[in-house]
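Presented below is the structure to which this report refers.
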Amino acid sequence: MIHALANPTRFLKLARPLTPVLFWAGVALALFGAWAGLTQTPADYLQKESVRILYIHVPAAWLGMGGWTGVAGASLGYLIWRHPLAHIAARSIAPAGAVFAALCLITGSIWGRPTWGTWWEWDGRLTSMLLLFFVYIAYIALARADSDRGGDGRVPALFGVAGSVLLPIVRYSVVWWNTLHQGQSIGLTSSSIDGSMLWPLFFTIGGFTLLFAGVVLMRMRAMLATQKVEARLRRMAAR
Amino acid sequence: MKPKHQRLVLGLLALGAVLGASGLALSALRDEAAFFYAPGDVAGKPLPLGKAVRLGGMVEQGSIARQPDGLSIAFVVTDGKARVPVAFRGVAPDLFKEGSGVVAEGKFNPDGSFTADNLLAKHDERYMPPQVAGNMHKSETLDK
């Protein structure tokens, strides 16, 4: 299935109709989730209204980390099977993941001020998430430099795999270390967020995830189109 | 072995090494990366005197005492294993309550007590509306 999709023509045939569906479904779900989170849920007993930032912060954290999982997975796929599409996928995911990692840091900071009494502390979760954001920036710079110099993308792919060292650290920082950041609220089967406040979160998580996928497909199609243009120009120049 | 399979094995080994490195970093930094000391961490051990540290735990029920000057607060931080009396002078965050989490920044005194110059409220992972929280979590607050 993945091998079949590695063919750019077949990929484009599927991606073209899928892009607007993912994008607009994502926008609709995220907007509905945000509306519900702002108006349809009760305020928290301790945090009061500032709890509502959760509906953006949690999807942002999920996509910030999920994005790097995608970069690392695609990079590994590129290193092993040398599918050019895997390289394009990794490069397309990175900026979207970086945006959500930044959004996670910013919303967390805004939430931290009234809740903890500080905008920023160098605790394990906050610091490792900031490092992940820097790793995204480094990957984007490295991938761009590599392609400018006509590299085959192996160096950024190695960096993409190596960068996943941060993922377990971000995830388990609150378990293994004393941190100011609270532990995980949502598990696979249970949640310490009351049901009346939890449900819009699923809409924003789902919505932002579809939006993320739509944006990644858009970027992949744009990169494939650029490559096609460059190849055609080269052929015309050679003639 | 075909080159593709060789790369697959190498790739999986690399992934394993990366995850192993991550586990090593997590366990090696366990003490270094701790954001705060829990009272149980310092009980029975030499106190980290003379340097700025953080002390974190729960504010013991019934332990908050406002001093007559209106600014100073005394309370006890506990983690169930040990308790440390804390003195603080300044403005406490809104979420600073008995029975909820706190991180105090300051220094240990030779007698085992702690003098804080800043307080951070630590929120736990439970989120609920006031009706659900009910009387269970209606703890004493400073502005009572």
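The values are calculated or read from the model by the stated rules, or taken from the named source; none is laboratory data. This is a predicted model, so every value here is computed, not measured. Quick reminder, even Gly has a Cβ in these numbers, built from the backbone with ideal geometry, and neighbours come from all protein chains shown. We work out accessible area using only protein heavy atoms, side chains counted, and drop any ligands, DNA or RNA first. Shrake-Rupley method; radii C 1.70, N 1.55, O 1.52, S 1.80 Å.
Of all residues in the stretch B:19-60, how many are without any contact (Cβ under 8 Å) to a residue 40 or more places away in the chain and open to solvent by 20 Å² or more (accessible area, probe 1.4 Å)?
Summing the residues that are without any contact (Cβ under 8 Å) to a residue 40 or more places away in the chain and open to solvent by 20 Å² or more (accessible area, probe 1.4 Å) in the stretch B:19-60 gives 21.
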Exactly one of (1) among the hydrophobic types (A, V, I, L, M, F, W, C); (2) open to solvent by 20 Å² or more (accessible area, probe 1.4 Å); (3) at the interface with chain A (Cβ under 10 Å from one of its Cβ atoms) is unmet by B:Val103. Its number? (2)
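Residues of the stretch B:32-52 being in contact with a helix residue (DSSP H, G or I) (Cβ under 9 Å, 6 or more places away or on another chain) and within 12 Å of chain A (Cβ to nearest Cβ), which ones? Spell out how you get there, then give the answer.
As a first pass, look at the stretch B:32-52 and keep what is in contact with a helix residue (DSSP H, G or I) (Cβ under 9 Å, 6 or more places away or on another chain): B:33-35, B:48.
If the condition is that a residue be in contact with a helix residue (DSSP H, G or I) (Cβ under 9 Å, 6 or more places away or on another chain) and within 12 Å of chain A (Cβ to nearest Cβ), then B:Ala33, B:Ala34, B:Phe35 are the ones that fit.
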For residues in the stretch A:1-35 being open to solvent by 70 Å² or more (accessible area, probe 1.4 Å) and either β-branched (Val, Ile, Thr) or part of a loop (DSSP other than H, G, I, E, B) (or both), which is modelled with the lowest pLDDT? A:Met1
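Do the conditions hold for A:Ser109, that is, is it open to solvent by less than 40 Å² (accessible area, probe 1.4 Å) and under 28 Å from A:Val175 (Cβ atoms)?
Values: open to solvent by less than 40 Å² (accessible area, probe 1.4 Å): yes; under 28 Å from A:Val175 (Cβ atoms): yes.
Judged against the criteria, A:Ser109 is a match.
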Looking only at the stretch B:131-144, and only at residues there that are within 7 Å of chain A (Cβ to nearest Cβ) and touching a Lys or Arg at 6+ places or on another chain (Cβ under 9 Å), the one that is modelled with the highest pLDDT: B:Ala133
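Residue by residue, here is whether (1) open to solvent by 40 Å² or more (accessible area, probe 1.4 Å); (2) at pLDDT 95 or above; (3) of a type in the set (D, E, K, R) holds:
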| site | (1), (2), (3) |
| --- | --- |
| A:Val175 | yes, no, no |
| A:Thr179 | no, no, no |
| A:Ser185 | no, no, no |
| A:Ser192 | no, no, no |
| A:Ser196 | yes, no, no |
| A:Gly206 | no, yes, no |
| A:Val215 | yes, yes, no |
Those residues of the stretch A:217-239 which are open to solvent by less than 40 Å² (accessible area, probe 1.4 Å) and small (Gly, Ala, Ser) amount to A:Ala231
Residue in the stretch A:196-227 that is nearest to the chain's Cα centre (by Cα), counting only those that are more than 9 Å from chain B (Cβ to nearest Cβ) and farther than 30 Å from A:Ala86 by Cα: A:Leu201
